[in-house]
Amino acid sequence: MKNVVLLAINAKYVHSSLAVWILSTAVKKYAQFSHNVNIIESTIRQQISEIADKVTASEPDIVGISTYIWNAGMLPGLLVRIRELLPDVFIVLGGPEASYNADYWIEQGADKVLKGEGEHSLPALLDELSVQKSNCETQNCDVSKPRSYRDTGDVSDTICPQQLADRSTPIDPYTEEYFKALNGRLAYIETSRGCPYNCAFCLSADSDVCFFPIEAAKTQLLKLSKSGAHTIKLVDRTFNCNADRAYELFEYIIGLDSTCCFHFEVAADLFDERTLTLLQSAPPGRIQLEAGLQSFYEPALKAATRQTDLQKAENNIRKLLENGNIHMHVDLIAGLPHETLTDFMESFDRAFSLRAHTLQLGFLKLIHGSELRKQADSLGINYASEPPYQIQSSPWLSSRDILTLKQTENALQHTCNKGRFLTTLEYVLQNAAMRPFMFFKELGKAAENHGTDLADYAAQIYEFCKKLPKIEEIKLVDCMVVDWLAMVKGKNMPSFMRTSDSRKKEVLEIAKRRLAHEIRRDEATILQNGQGIYVDSQNRNPVTGLYKVVSVCI
């Protein structure tokens, strides 16, 4: 028996790891020997010493670590620390960062890298190490140096024949132990694996798609819906690439007696009318869709071998947003080949016009194993040598352009993408005669937010916007007051929003009669235009997350 620690290092505490629980279950299912597996989940915000102490407290023979771009930067130091505390421990790495950069991780101190899917390769490795130890003990040889196991066969390749056969009966990791550890955090599930498309920036490009049995998927979705998790994210790379299957699972999820939100990554142009109609019937907040448009600039999409019917994607996104019941997330990638800053501005403005709840302005990452990383030198793309390998410049984007885009992304992220100041932005964009990209670019330069207090950030937005052409200061303040009440709970307004109108007491009395309970003084106010408003802090939109703001006549 081997004492094994499977370590996940998540980006945030609210995240959970699906991989380590699948692997743990796989060891129980496929290993020929009995192994004691202990799962440890940590985050990148924790100190290396703290994570290492958790690992070594279990006195493992073997430590397996899932590697991704968000945790790869801290792993070399963590491997050194674990080795200092446990000189004889056997360290095995898996996950995309290790799979496509195995030699580097062997140099950093890993004993073995398992490439690709690990459901069979990990149990096989544990069994092999058990046999090796047993043989050594029988022959009275030195078993104190497991690192001697390292040889030219350090990388176990992808899928074995048995795994291909077993894909039809996927592992169910959702045990009582899993749910206890989950404790209401974001939960993950895969109902298919692989992607039929060939995007040059993605590791899933042109991989065989395996659709797991749909009844098994439904059973797991039902379990998760009762787990206490608020959000369940399906990690299927293109969930709706099989229209009939997607329809059946959407229909099942919509019919669940649950308050969970289910998040899907989709290709917006693949939706048919039947599925669009079904999704419009979903309870508000039940469905969250993330559609990767990446760009509206055709030469960039062609260079990235990205195939999208852009007009159909636009039309479908607008239809999905019509009923206000689905949270819509749209992605763009800055830095694709051939797309200049001017070209990206056009993509941004066109994407913004869709009025999705989130417009993610991401940056090209030249990740190990992707086709664009292989082409980067010939294309003249410069990127960071450290994870997440983000673009630094290219023949089409200078380093100054990248800085401009980062400032734009900062403003977008801390306003629209967090559901903040939406009424204000609508008013300013309608009246200041500024293109959306130019507005966010200038706001990002004037008011960078790196942990800024919300009240201070609101004041910075106010100071920036009131100087714009055709913006009336009184209307601007009123919009910001409405936004403040809608987006926060229990926070005093910044001083520039406050009024001392004695009629506020009347608003509080009206709110008390209508709501059948008293509200706080800071949950009501008189606008600059003389109108009374209050917030119903018990009435929150499940799609936008905003509280209901009510107008009253006084």
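Taken together, the values in this text are just the output of simple stated rules run on the coordinates, not laboratory data. From a predicted model like this one, the values you see are computed outputs, not experimental measurements. Positions of Cβ are generated from backbone atoms using ideal geometry, with glycine treated the same way; all protein chains shown enter the neighbour counts.
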Can you pull out the residues in the stretch 341-372 that are assigned to a loop (DSSP other than H, G, I, E, B) and either under 19 Å from the mean Cα position of the chain (by Cα) or under 17 Å from Glu426 (Cβ atoms) (or both)?
-> Ser353, Leu354, Arg355, Ala356, His357, Leu364, Leu366, Ile367
Out of the stretch 367-379, which residues are in contact (Cβ under 8 Å) with a residue 40 or more places away in the chain, aliphatic (A, V, I, L, M) and crowded, with 17+ Cβ neighbours inside 10 Å?
-> Ile367, Leu372
Regarding Glu117, is this residue surrounded by 23 or more Cβ atoms within 10 Å (Cβ to Cβ), in contact with a Ser or Thr (Cβ under 9 Å, 6 or more places away or on another chain) and touching a residue at least 12 places away in the same chain (Cβ under 8 Å)?
-> no
Glu448: charged (D, E, K, R) and part of a helix (DSSP H, G or I), yes or no?
-> no
Can you tell me which of Asn417, Asn410 is out of contact with any Gly (no Cβ under 9 Å at 6 or more places or on another chain) and not in a loop (DSSP other than H, G, I, E, B)?
-> Asn417
What tally of residues in the stretch 524-540 results from selecting those that are in contact with a helix residue (DSSP H, G or I) (Cβ under 7 Å, 6 or more places away or on another chain) and of a type outside the set (Phe, Trp, Tyr)?
-> 11
Which residues, taken from the stretch 170-217, are assigned to a helix (DSSP H, G or I) and among the basic types (Lys, Arg)?
-> Lys180
For the stretch 86-100, how many residues are closer than 22 Å to Leu18 by Cβ and outside any helix (DSSP H, G or I)?
-> 6
